[in-house]
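The values are calculated or read from the model by the stated rules, or taken from the named source; none is laboratory data. Since this is a predicted model, take the numbers as computed values, not measurements. All Cβ positions, glycine included, derive from the backbone under ideal geometry; neighbour counts span all protein chains shown. Heavy atoms of the whole protein, side chains included, go into the accessibility calculation; ligands, DNA and RNA do not. Shrake-Rupley method; radii C 1.70, N 1.55, O 1.52, S 1.80 Å.
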Amino acid sequence: MRVAIIGAGAIGAYIGGLLARAGKDVVLFARGPHLAAMREGGVRVVGEDEFTARPEVTDDIGSIGAADVVMLGVKAHSLPELAPRLAPIIGSDTIVVSTQNGIPWWYFDRHGGKLEGTRLERVDPGGVIARAIDAERILGSIVYFSTEVLEPGVIRHIEGNRVSLGELDGSRSDRCRSLGSVLNEIGLKCRVTTRIRHEIWVKLLGNVSFNPTSALTVPRSAKCLPIPEREA
């Protein structure tokens, strides 16, 4: 199974590092100083489980060749520009795994309800993403672990290892279970779900409540800006 991770930031590089450490065939697409650092020193993961792995890395999507699995690790707003460039790596049976937060462009694809096929203009302007990635290829995914890029080529794993995978039509497919088995094998805790849209909303509601609370109550530390004193 050849896995191409398109957008090897904090999440993508961490998954790529785990795959490479386990001896899997994986290539990471990245740019700039992060790409240069991974080329020279590999992906260095720090945290409770520290390791360095050396996956293949590139800034040329066309050089990757057909992949069995394409994992999209870029931010949602970058997809309209990126999606048309994925054609060289999408073969006849390629799976595309969507890991973006928020309501995805495919939300009403293979939905089965009266809104089946509805395009979300604000998420997919002009339908660019939908034309580039056939809905039959897509597996939805929700990532629950926390990572950050400490510096180019260095990923800090903060906590968690849970990830969900799901077919858009709610079925339990062989391809979903097969990829889930690989993710479990490399150290993640992957759950195949029949309710991927439900989990999207659960995570969104968690972000809505926990993110502002965390921002407002963050403890002072050497990394934090000083909190100004309230005026009398």
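Here are some notes:
- Cα centroid separation - region 124-152 against region 1-80, whole Å: 14 Å
- Across the chain, the mean sequence separation of Cα contacts (distance under 8 Å, 6 or more residues apart), normalised by length, yields a relative contact order of 18 percent.
- Of the peptides 3-13, 88-98, the order by per-residue mean of other Cβ atoms within 10 Å, starting with the highest, comes out as 3-13, 88-98.
- The tail of the calculated P(r) for region 124-183, taken as Cα-Cα distances beyond 16 Å, holds 62 percent of the pairs.
- Within the chain, DSSP assigns beta bridges of which about 30% are antiparallel (rounded to the nearest 5).
- Seen from every direction in turn and averaged, the convex hull around the alpha carbons of the chain projects onto 14.8 nm².
- Note on S78 and V202: their simple-model spin labels are 2.8 nm apart, each label 7 Å out from Cα toward Cβ.
- In terms of the mean number of neighbouring beta-carbon atoms within 10 Å, the peptides 66-77, 156-167, 196-207 order highest first as 66-77, 156-167, 196-207.
- Relative contact order [Cα under 8 Å, 6+ residues apart], region 1-133, whole percent: 23 percent
- Accessible area in square angstrom per residue, the chain, 1.4 angstrom probe: 53 Å²
- In this label model, E121 and D68 are separated by 4.2 nm, measuring between points 7 Å along each Cα→Cβ vector.
- Helices in the chain that qualify as membrane-span-like (whole DSSP H runs, Cα extent of at least 20 Å along the helix axis, mean Kyte-Doolittle hydropathy of 0.5 or higher) do not occur.
- Surface/4 estimate of mean projected area, convex hull on alpha-carbon atoms of region 94-216, nm²: 9.4 nm²
- Only protein atoms count toward the accessible area here, which uses a 1.4 Å probe; on the chain, the carbon and sulfur part of that area reaches 53 percent.
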